[in-house]
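Heads up, the thing below is written out as structure tokens.
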Amino acid sequence: MTRKKIQIKKIDNTAARQVTFSKRRRGLFKKAYELSTLCDAEIALMVFSATGKLFEYSNSSMGQVIERRNLHPKNIDTLDQPSLEKQLDGGVHAMLIKEIAKKNRELRHMRGEDLQGLDLEELQKLEKIIEGSLHRLVEEKGGKIINEIDALKIKVMSLLAGQGHLLEPGQSSDSLGTNISSMGSVDPRQDCDSSCAFLTLGGDPRQDCDSPCAFLTLGLACYTHFHANKVLPPIIMVLISDGFVSLILNFVTMDEDYDVIVLGTGLKECILSGLFSVDGLKVLHMDRNDYYGGESTSLNLNQLWKRFRGSDTPPESLGASKEYNVDMIPKFIIANGGLVRVLIHTDVTKYLHFKAVDGSFVYNKGKIYKVPATDVEALKSPLMGLFEKRRARKFFIFVQDYEENDPKSHEGLDLTKVTAREVISNYGLEDDTIDFIGHALALHLDDSYLDQPALDFVKRMKLYADSLARFQGGSPYIYPLYGLAELPQSFARLSAVYGGTYMLNKPECKVEFDESGKAIGVTSEGETAKCKKVVCDPSYLPNKVKNVGKVARAICIMSHPIPLTSDSHSAQVILPQKQLGRKSDMYLFCCSYAHNVAPQGKYIAFVSAEAETDNPELELKPGIDLLGPVDEIFYETYDRYVPTNTMEDDNCFISTSYDATTHFETTVQDVIAIYSEITGKTLDLSVDLSAASAAAE
């Protein structure tokens, strides 16, 4: 018996029609369910029976499906035709419908659809909106990546803690955990005897390599600290891409050609590495140490103790070692100075946080005085008498109004020819006032400036005044949180973001020369990296530099601020040469736990000067006596070198050693000179200084 095909037409019998409706409705809903399940479709069914009864089915929400249907592009135009009742209802519904249509068009534009009808101005506005959205998205993504990294580090430490053979005798999992690098800051202050560490950010991982160097990349922030002599893989790479985090193995080789090889990770070398990478040069950056910063690094307490006392067990009363970040080249940053301009020019400020330094002081006739930072302080200052203040005020007005390109402001003086002494003599200032202006405001190291053209002297004073007004604080200086080692690390990040390659703990680093005496590469551990030019600090080419003096310094750990500095958490005290009977100035420099360089309640003070004797303890005593009680004190003298080679003849570009000044202006001048020699370009530092700021207390 064959099945008879039912003719599709209205069923006249009421009872039969109701039975058929019930059966077919259930079958229809069943098919809709199967379609939504099998094909991941969003379905909504509404059925009204002949009697007006409503039956409906939706695999999600009936209201959402209907709203989605109304907002579909094919139906948008029909939404502009509201019913008569809705029009009579005040037009509110019609306005909402049109607003929905408008927002949908904007949404399609954000997705890059239907852009043909937009003019140039509309496209530019759309571009700005998308850029802002992308910036917020990247920030949010970065935050989640950091959280994932933190979670990964905790897992790694847990795994290592569970494997006893991975730890050295007597080493705890906590101590091992401190050597896992942090996302926010490279930490060279860890006590690690790391094997060669290779770091690259923004570039492609080097493939097919035989070197045992460790490679670590963390998106836009990556740091390397690995312990040797442990049963660990030769390399761990943490790769973050589009939010995906994975651990894989990789290796790297030196057997490549580079435009520039930079030796040493001091501040000057890291700035140059960053600038070269941004310019598109292929850069390899190497260091014999297993941390960043070279001579300008910051040490934790254990490292400080080991360097000066020969052991790594400081007294427990000084607090936790990891809370110390003691600068080896103590300096402050002038708020409107060259280093700030470089930071803004390279956008490195996004990696750093600063605080304004509380005060600048000067030593005069056995006492410490505040260098006036406001008109009120100037009027109250005992550094000058009333009539001397009036004379000094006229000189300050001349300096402030002076514009190099405006002859009207020169008052008939050619500052490129007349000396500073001649300019000052026009105002009849006393010797003590001249001493104060030249050393506490113009920040000259000695009195030699008096017999040199006055232009540099006036520019220095204008820089001091502009920097003082920058944050309207008690001094013209700023200082980075966690110490000065943050500076080279941040420029290293910049270089890596633009493809720079970093290798730490590379022994020897021997510069190779061809027959004509030109540098052609650098060899370490049997591998040679070829290059066109070599940049390095003096320690890598000792036969191409000469000694020009020494700097003596004392590093002091204290439990109080420098006396007579208004309890300042950070301060500078200048001791002019005449006040001490010296050939150059002496400086006191203090920072504290407020800058995250020491535990709560601890202060780090430095006394530094150009060494004029071989006895730093005796030579620095006038400055140390001003500090009051000291918990611990360390003395050191280091040599200052300048290059003697002709850079264009041997392709070796050697930086000068750090001088005894309390700022980085000479540092930046050296960097600019080397940059121009290598690239043939002038570094444009005409930047918007408002792009950087110092954190409030």
Inter-label distance, nm, simple model (7 Å from Cα along the C-beta direction), PHE48/ASP567: 8.2
Integer Hz, Karplus 6.51/-1.76/1.60 couplings in order for segment 590-600, x for Gly and Pro: 9, 9, 8, 4, 5, 10, 6, 10, 7, x, 3
I'd like the projected area of segment 524-600, averaged over all directions, using the convex hull of its alpha carbons. Report it in nm² with one decimal. 10.0
Work out from phi, with θ = phi - 60° and the Karplus expression 6.51 cos²θ - 1.76 cosθ + 1.60, the ³J(HN,Hα) of each residue of segment 616-627, listed in order in whole Hz, and give x for Gly and Pro. x, 4, 6, 5, 8, 4, x, x, 5, 5, 7, 7
From the phi angles alone, apply the Karplus equation (6.51, -1.76, 1.60; θ = phi - 60°) to segment 275-282 and give each ³J(HN,Hα) in whole Hz, x where the residue is Gly or Pro. 4, 5, 5, 4, 6, x, 7, 8
Protection-proxy order for peptides 32-43, 641-652, each taking the mean of Cβ atoms within 10 Å per residue, highest first: 641-652, 32-43
Per 5 Å bin from zero, what fraction in whole % of the C-alpha pairs of segment 332-408 is there, up to the bin with the longest pair? 3, 11, 14, 16, 15, 15, 13, 8, 3, 1
Kirkwood hydrodynamic radius (Cα pairs, Å) of segment 481-520? 13.0
What's the FRET efficiency of ASN289 with MET95 using the Cβ-Cβ distance as r and R₀ = 45 Å, to the nearest 0.05? 0.05
What Rg and what Dmax come out for segment 266-385 when only alpha-carbon atoms are used, in angstroms? 20.0, 59
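Quick check: convex hull over the Cα atoms of segment 471-623, volume per residue in Å³, rounded to an integer? Each step should come with its number before you reach the end.
Working: hull volume 30.3 nm³, N = 153.
Once divided by residue count, the hull of segment 471-623 is 198 Å³.
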What percent of all Cα-Cα pairs in segment 576-697 falls into each 5 Å bin, going from 0 up to the bin containing the maximum distance? 2, 8, 13, 15, 14, 14, 14, 12, 7, 2, 0
Relative contact order %, segment 574-656, counting alpha carbon pairs below 8 Å whose residues are six or more apart: 19
Under a plain spin-label model, where a point goes 7 Å from the Cα along Cα-to-Cβ, how far apart in nm are PHE387 and VAL19? 12.8
To the nearest 10 square angstrom, how much accessible area does LYS621 have with a 1.4 angstrom probe? 100
Cut-off under 5 Å, modelled amide H: who pairs with MET503 long-range: LEU199, HIS285, MET286, ASP287
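The values are calculated or read from the model by the stated rules, or taken from the named source; none is laboratory data. Given the structure is predicted, the values throughout are model-derived calculations rather than measurements. Neighbour counts are summed over all protein chains in view; Cβ atoms, including those assigned to glycine, are modelled from backbone coordinates with ideal geometry. Protein only, heavy atoms only, side chains kept; ligands, DNA and RNA dropped before computing areas. Shrake-Rupley method; radii C 1.70, N 1.55, O 1.52, S 1.80 Å.
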